[in-house]
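Notes for the one structure printed next.
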Amino acid sequence: MSRLVTLAALMAVLSVPVLAHHGRGATYDMKKRVTLEGTVSKVEWRNPHVIIYMDVKDADGKVVTWGFENSGVSTLAQEGYNRNTLKVGQDITAIVNPAANGAPTAIVVKIVLADGKEIMSRDNGQNPAN
């Protein structure tokens, strides 16, 4: 019986971070979309989520670096993307669900390249939010 109680307690403790991790509604405003134009400053091609950093000029001309959460490496790779899909210095437009707290972080809805091509698009069934 003691082992069962210990196992149950361990499972309860370990499940909290998993549930919190996928609580996108608390972290991002999934009902709001923001369109940002800027330059890729860094791409972290890693799990659990690929992170795209982009320098964006605000209304005063000040550069603000945004960080966008994307799908995981394997999900993006299955869609044909890799660590060289976006390059530092590349101009892009990002359509994102912004952070609920107003921080310059977001989750990617889609990326639009300079030639107008849409990539990593949740609207097209790619890049799932979970």
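The values are calculated or read from the model by the stated rules, or taken from the named source; none is laboratory data. Predicted model only: the values in this text are computed from it and were never measured. Counting neighbours? That spans all protein chains shown, and the Cβs are built from the backbone with ideal geometry, glycine included.
For the stretch 54-64, the condition of being assigned to a strand (DSSP E or B), of a type outside the set (D, E), under 15 Å from the mean Cα position of the chain (by Cα) and modelled with pLDDT of 95 or more holds for at least one residue. Quick check on the stretch 100-113: of everything there that is part of a loop (DSSP other than H, G, I, E, B) and surrounded by 10 or more Cβ atoms within 10 Å (Cβ to Cβ), which residue is nearest to the chain's Cα centre (by Cα)? Result: P104.
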